[in-house]
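These notes concern the structure reproduced below.
The values are calculated or read from the model by the stated rules, or taken from the named source; none is laboratory data. This structure is a prediction, so every number in the text was calculated from the model and none was measured. Note that each Cβ is placed from the backbone with ideal geometry, even for glycine, and that neighbours are counted across all protein chains shown. When the accessible area is computed, the model is the full protein with side chains, heavy atoms only, and any ligands, DNA or RNA have been set aside. Shrake-Rupley method; radii C 1.70, N 1.55, O 1.52, S 1.80 Å.
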Amino acid sequence: LKLAKLAIAKIINSLRATDRLHLISSHGISRIEFESGTAAQKAELLTVLEDLQPSTTTVVRPANGSDHVQKEEMDLLSGLHLAKQLLVGPPAQPVPGTTRRLMLFTDGKIPGGTSEGTEIIEAIERLQLGGVLTSTVGLGQGKDYGRWLLETAAEAGRGDFLHLTRSPQSLAKVLSMASASYFRTFATNVQLRLSATAGTLVMSTTGHRRRSGHRRRVSAGQVASDGQFATAQPGTTSMTDETVPVGTIRTGRSEHVVLDLALPQFRSDLNYLTYDVFYETVNATGHSLSLSHRSLLHMKVLRPDEQAASPWPGGTLFQR
């Protein structure tokens with residue numbers, strides 16, 4: 001906790017006039033310590049931070065049978081719910097064009113095991129879909145440090161992971177990660193809409209986490225005897241159209257979606273998939289814009305006298 005307070009104090013001291021800072025603690029019970037803190041309130045915010053104390057609410061006996069010890073209990077999940085209220089709403093009403101960040105300072109050791117860890121990842125992904133980037137700052141060493149959860153959480157939140165130490169470089173990195181200029185949000189509410197044509201079917205999409213309502217991978221039993229795919233069951237997504245929720249895209253990072261397609265019999269020339277990327281961004285004057293880009297996936301079958309396929313025309317745009 002002392003190391004985390006040292007890093008957060010540096011963030012408070014670096015606040016600009018336009019910045020707003022919230023602090024949530026999750027020692028035994030999650031609560032908002034302060035919200036919408038400003039640069040003009042630095043002294044008050046630092047006092048609240050300094051008064052934070054760990055809450056050792058659970059007494060356990062170690063596995064080796066030695067004396068009982070007090071163990072600090074944390075409730076990250078309810079803390080994330082509070083963060084959603086402050087950063088996404090309701091009741092919060094985010095200003096278009098602002099970069100919203102969540103920085104999670106924790107050792108990653110959660111009492112609920114794998115099940116609670118999955119819930120935490122899903123809560124962070126919901127924040128990401130709502131326009132909030134989450135980075136994790138790891139505290140502790142060795143067995144007292146759940147690195148896997150923190151790295152996975154940062155990946156799901158489109159943020160970064162840092163193991164915090166007392167080195168000047170580590171503390172400077174935390175300050176950089178919290179700054180407004182660090183990999184700004186480029187677009188929010190991003191969706192990738194796929195439309196298969198010419199008999200092509202979208203079998204599955206990966207690279208984004210599955211949520212209820214998404215079509216699952218088609219099983220082999222759904223293939224009819226003539227080699228064509230059976231019609232999707234009522235209430236499921238069409239096998240020729242799918243909308244993939246991408247969420248938030250920040251500068252300096254690529255997002256990848258892998259498509260598994262069932263292609264029809266090859267012909268000499270075939271456009272087999274159209275994809276549209278829809279997203280919201282803000283222009284130079286601060287006005288919110290809803291934009292889209294469209295491209296085709298094109299396949300050219302090799303003739304007997306050809307040595308290599310032609311370059312994929314959509315590759316450059318897809319890479320961008």
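So here's what we get for this one:
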{"read-out": "Options GLY142, GLY117, GLY113, GLY138; residue that is open to solvent by 40 Å² or more (accessible area, probe 1.4 Å) and without any contact (Cβ under 8 Å) to a residue 40 or more places away in the chain", "value": "GLY142"}
{"read-out": "Residue satisfying all of: in the stretch 149-181; within 24 Å of ALA17 (Cβ to Cβ) and touching a residue at least 24 places away in the same chain (Cβ under 8 Å); surrounded by the fewest Cβ atoms within 10 Å (Cβ to Cβ) among these", "value": "ALA180"}
{"read-out": "Residue that is surrounded by the fewest Cβ atoms within 10 Å (Cβ to Cβ), among those in the stretch 1-28 that are out of contact with any Lys or Arg (no Cβ under 8 Å at 6 or more places or on another chain) and of a type in the set (Val, Ile, Thr)", "value": "THR18"}
{"read-out": "Answer residue from the stretch 269-287, given it is open to solvent by 60 Å² or more (accessible area, probe 1.4 Å) and under 22 Å from the mean Cα position of the chain (by Cα) and is farthest from GLY130 (Cα to Cα) among those", "value": "PHE278"}
{"read-out": "Out of THR188, THR118, THR98, THR106, sole residue that is in contact with a helix residue (DSSP H, G or I) (Cβ under 8 Å, 6 or more places away or on another chain) and at pLDDT below 95", "value": "THR106"}
{"read-out": "Selection from the stretch 224-260 of residues that are open to solvent by 40 Å² or more (accessible area, probe 1.4 Å), at pLDDT 85 or above and over 16 Å from GLN191 (Cβ atoms)", "value": "THR240, THR251, VAL258, ASP260"}
